[in-house]
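The structure under discussion is supplied below as structure tokens; questions concerning it will follow.
The values are calculated or read from the model by the stated rules, or taken from the named source; none is laboratory data. Bear in mind the structure is a predicted one, so any value in this text is a computation, not a measurement. Neighbour counts are summed over all protein chains in view; Cβ atoms, including those assigned to glycine, are modelled from backbone coordinates with ideal geometry.
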Amino acid sequence: MTASSVYAQQAHAGGCFKTERDALLSFRSCIRSDPQSILASWNGKDCCVWSGVRCSNRTSHVVKLDLRNNFFLDVLFGPMFSGNPHGMSGKISSSLLGLHHLEYLDLSGNYLGGVGVPIPRFLGSLQSLMYLNLSCMNFEGKVPPQLGNLSRLLYLDLHNNWNPNVHSNLTSLQMLDLTDCGVDTLNPTYWFWDVGTIRHLDLTNNEFAGPFPDAMGNMTSLEVLKLGGNYLTGVQSELLKNPCNLRVLTLWSNRINQDISEFLEGLPHCAWSKIELLDLSLTNISGGIPKWINQWTDLSALQLSSNRLVGSIPIEISMLSKLRKLYLDSNQLNGSISEEHLAPLVNLKELDLSYNSLQIMINSNWIPPFKLKLAYLPRSKVGPQFPLWLKGQNSITNLDISDASIVDHLPDWFWTVFSNVQYLNISCNQISGRLPRTLEFMSSARIFDLSSNNLTGILPQLPRYLEELDISRNSLSGPLPREFGAPSLMDLLLSENSINGTIPLYICQLQLLSVLDLAKNCLVGQFPLCPEVSEGRSISAIILYENNLSGKFPSFLQSFPELILLDLAHNKFDGVLPTWIARKLRKLSYLRLRHNMFSGSIPVQLTQLGYLQYLDLASNRISGSIPHTLGNLKAMVQNQRQSLGNPLAWRMKGQQTLSCMIHRKYAGSLVVVMKGQYLDYTSNIIYMVGLDLSCNNLVGDIPVEITSLVKLNNLNISYNWLSGKIPKKIGLLDHWSLLIYHASEIPSSFSDMTKLSKLNLSYNNLSGRVPTGNQLQTLIDPVSSYIGNDYLCGPPLCRNCSVPRVTEGDVDEHQPEVQYFYLGLAAGFVVGLWVVFVVFLFGKTCKIVYFQVFDKLLHALQASVA
């Protein structure tokens, strides 16, 4: 036995090499937290049986260390917002250098990096490494050149590390993943262009812009190329003519700007029968799908969503027998889809034909040969009968047949067949039927959208894990259940039904509730007195308009600091508005309280709400004056639309950014009064800036500070008891779409308005000339805008503002007439006066009668005045 073998035997007597065990324990000592308790098993002498550790069967050296965090959804967003609660935190110890035989290292998803922390240089000294995964660890900055020493490295994954500027020479590399790294350039001299061994290159979701790099054509070993989510232009398929082994090509969200046939024809013909996944979504391709698509015989995923494709879907697509995913949504396709298109697709799992002009012509007796997991058919003409061919698709987890022209009764088998569904959308049809007594058996359900149908009955017990429920615009009746049975509800939308009774106390127990919409029902009584909690709740929208709710302004709202939208309009709430609104609801952007019985004055504190952009207090009993601190309403002064500081804008933006993780929305219909009409708003509510104080008992003058609210596009303070003058700087409010006042004169600055579309100044005590110019000349029915003001004059009114003026030229032309006019006037005066003198002088009787008549008239006048 040699000396080296004796040493190895002694070193491994405890189950693994002592030096390697010590290196692992030293690594563990640098870990501050381990939420998943991965390292809890790191005890005892045999490190080869520890969790995440693997040793070679031949040499017993540690060759694999896999400590990845599998909670990737939390990892992607956790480090930025919540400190990554599921992953380990701490730092990577250089003690790993003691693992000389380590071939596989995966620390992905753990918070062992951080902002400004680069990838450790010492990792470049692990000479045996073949696999290195540091993804989702928030490292930042240049990749250390020492990684170029890893000559055996085959797999390198750095995705979701900020701007890892790689400058290395990894000549054996086969797989490189730089997804979500913020890289903004594809330099033609970038190091990996010359690595002829790379088979898998993933550059998804970066910030690449400019032309498609020519160097792509040199990468002849490429099998997988992912460039989706960038801003590349002039993407020419001819640049990819060499990689004959290409299996996966994703270019979504880049600008191809070509006919689809032209682009596909440019791809290497030698790869046509090998390509398995082709994703050209959002690339602005046009034209019709070519019939020769059937030559792509290995295609299992074809994704052409959100383009400008036209024409019908060729029947040849049915020859792609390996097809599992077919996404043709959001194009301009037309024609029909029949069994002939789908029957040969025995492997089909995901089908998305939504938002086209397609007609689904499938016989009700047809039994599909496939088992779908995802079926999206919104805005396809599926009806009028309910699609019976779905009856056998009991594996579906995502079903969307919204706005599909279905006018039918919900079949009895519906809830049983789709009992495993996670996302269900049958909205915007004319589907009738009653909801089952309970939906608790649907244990997988997360999102239900049954809105805009003719469903009847009462709201049943809901699936336990349901997160969003929308049954608005139906014919539900009866009271709400005492318990919904879904404690994780985030969005509850039940507006426009006939639900009666009171709001149950269970609402207060929905800790995750974000949107509550019970508008347009028959609810009565007070909102339940939810106990105030010290810890803020996440609710952001409460919409209760058009019910018969009563009571004071709900005090429990103080526990909702995230509240953005509150609509209590058209109810019977009373009392004064509390001053704590501004202090407790700092993010409030939309406050609508019209048609209630609120009294008292407008709290000055309301003007401290920096995000408030829509305030409607119309048709209440509010008195006092309009606060002069209106200029503090920053959202009505500054442009909030493009600012992430506006919580309403951030909320709406978040709906799109995180739509793949959490499905959120506000009410299907939010109402504002504008131009004298009730208008429905959805996501574009962020563009509505308005102030409505009409139909109250407000007194005093119109504060000049109102002219600083330059972002207003709706202002109404009519039907109050306001007095005084309209501020002279009123013309600064050029964004107004509606202007109604109750005051005493029109300033000339009205003519400065260029975007005014409706004006109502009727029935005031206005006087003077009506201003002219700009939009004032284009108002619809302009005369009615000024009606009831007897002292206004000038166009468009018929009343002239002054007597005719005589110019100098007119005087010269009509000089004789003028002279005769003044001569006659003087003669008449003299003659009349002389007649009176003669009567008084020579007629005693006439003189007496004259003064008697004069005395009687004087006494009558005095009596009338008294």
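Considering only residues of the stretch 444-472 that are more than 17 Å from Glu483 (Cα to Cα) and out of contact with any strand residue (DSSP E or B) (no Cβ under 8 Å at 6 or more places or on another chain), which is surrounded by the fewest Cβ atoms within 10 Å (Cβ to Cβ)?
Ser444
What's the total number of residues in the stretch 222-273 that are touching a Ser or Thr at 6+ places or on another chain (Cβ under 9 Å) and in a loop (DSSP other than H, G, I, E, B)?
Counting residues in the stretch 222-273 that are touching a Ser or Thr at 6+ places or on another chain (Cβ under 9 Å) and in a loop (DSSP other than H, G, I, E, B) gives 20.
Another one. When Thr233 is evaluated against the numbered criteria (1) within 20 Å of Lys291 (Cβ to Cβ); (2) surrounded by fewer than 17 Cβ atoms within 10 Å (Cβ to Cβ), which criterion, by number, is the only one it fails?
Unmet condition: (1).
Another question, then. Just to verify a result, which residue in the stretch 232-265, among those that are touching an Asp or Glu at 6+ places or on another chain (Cβ under 8 Å) and modelled with pLDDT under 90, is nearest to Ser286 (Cα to Cα)?
Looking at residues that are touching an Asp or Glu at 6+ places or on another chain (Cβ under 8 Å) and modelled with pLDDT under 90, I get Ser237.
Further question on the same structure: Please go through the stretch 16-68 and pick out each residue that is of a type in the set (D, E, K, R), under 50 Å from the mean Cα position of the chain (by Cα) and over 22 Å from Tyr155 (Cα atoms).
Arg28, Arg32, Asp34
Within the stretch 270-312, can you find the residues that are out of contact with any helix residue (DSSP H, G or I) (no Cβ under 7 Å at 6 or more places or on another chain), surrounded by fewer than 16 Cβ atoms within 10 Å (Cβ to Cβ) and among the basic types (Lys, Arg)?
Within the stretch 270-312, Arg308 is the sole residue that qualifies.
Okay, next question. Filter the stretch 257-269 down to residues that are out of contact with any helix residue (DSSP H, G or I) (no Cβ under 6 Å at 6 or more places or on another chain) and within 16 Å of Leu225 (Cα to Cα) and give me whichever is surrounded by the most Cβ atoms within 10 Å (Cβ to Cβ).
Going residue by residue through the stretch 257-269, those that are out of contact with any helix residue (DSSP H, G or I) (no Cβ under 6 Å at 6 or more places or on another chain) are 257-262, 264-265, 268-269.
Among the residues that remain, those that are also within 16 Å of Leu225 (Cα to Cα) are: 264, 268.
Details: Leu264: 21, Pro268: 17.
This residue is Leu264.
Something else: Among the numbered criteria (1) in contact with a Leu (Cβ under 6 Å, 6 or more places away or on another chain); (2) not in a strand (DSSP E or B), which one does Ile542 miss?
(2)
Check off (1) surrounded by 15 or more Cβ atoms within 10 Å (Cβ to Cβ); (2) more than 33 Å from the chain's Cα centre (by Cα); (3) of a type in the set (D, E, K, R) for Asp412 and give me the number that stays unchecked.
(1)
Could I ask something else about it? Which strands (runs of 3 or more DSSP E) sit wholly inside the stretch 23-76 and have at least 2 residues that are at pLDDT 95 or above?
Qualifying strands (runs of 3 or more DSSP E): 53-55, 62-66.
Looking at the stretch 220-230 only, could you name the residues that are touching an Asp or Glu at 6+ places or on another chain (Cβ under 8 Å) and surrounded by fewer than 18 Cβ atoms within 10 Å (Cβ to Cβ)?
Residues satisfying the conditions do not exist here.
Separate question: Leu435 versus (1) touching a strand residue (DSSP E or B) at 6+ places or on another chain (Cβ under 7 Å); (2) buried (at least 20 other Cβ atoms within 10 Å of the Cβ); (3) hydrophobic (A, V, I, L, M, F, W, C); (4) over 20 Å from Arg324 (Cα atoms): which is the lone unmet condition?
Unmet condition: (2).
Quick one: in the stretch 123-171, of everything that is at pLDDT 85 or above and among the charged types (D, E, K, R), which residue is nearest to the chain's Cα centre (by Cα)?
Among them, the one singled out is Asp157.
Let me ask you something else. Being out of contact with any helix residue (DSSP H, G or I) (no Cβ under 6 Å at 6 or more places or on another chain) and farther than 18 Å from Glu350 by Cβ narrows it down to one residue among Arg446, Arg434; which is it?
From the options Arg446, Arg434, the qualifying one is Arg434.
Here's a follow-up. Which pairs have Cβ atoms under 7 Å, sit 6 or more apart or on different chains, and link a residue in the stretch 27-47 that is without any contact (Cβ under 8 Å) to a residue 40 or more places away in the chain and loosely packed, with under 13 Cβ neighbours inside 10 Å to one that is assigned to a strand (DSSP E or B) and not small (Gly, Ala, Ser)?
Close Cβ pairs (under 7 Å, with a partner that is assigned to a strand (DSSP E or B) and not small (Gly, Ala, Ser)) do not exist here.
Among the residues that make up the stretch 386-404, is at least one of them part of a loop (DSSP other than H, G, I, E, B), of a type in the set (Ser, Thr, Tyr), farther than 29 Å from Pro481 by Cα and within 25 Å of the chain's Cα centre (by Cα)?
Checked the stretch 386-404: no residue is part of a loop (DSSP other than H, G, I, E, B), of a type in the set (Ser, Thr, Tyr), farther than 29 Å from Pro481 by Cα and within 25 Å of the chain's Cα centre (by Cα).
Checking Thr197 against (1) in a loop (DSSP other than H, G, I, E, B); (2) at pLDDT 85 or above; (3) crowded, with 17+ Cβ neighbours inside 10 Å; (4) not basic (Lys, Arg), which single condition isn't satisfied?
Here Thr197 clears every test but (3).
Sort through Leu309, Leu302, Leu282, Leu333 and tell me the only one that's outside any loop (DSSP other than H, G, I, E, B) and under 22 Å from Thr204 (Cα atoms).
Only one candidate passes the filter, namely Leu302.
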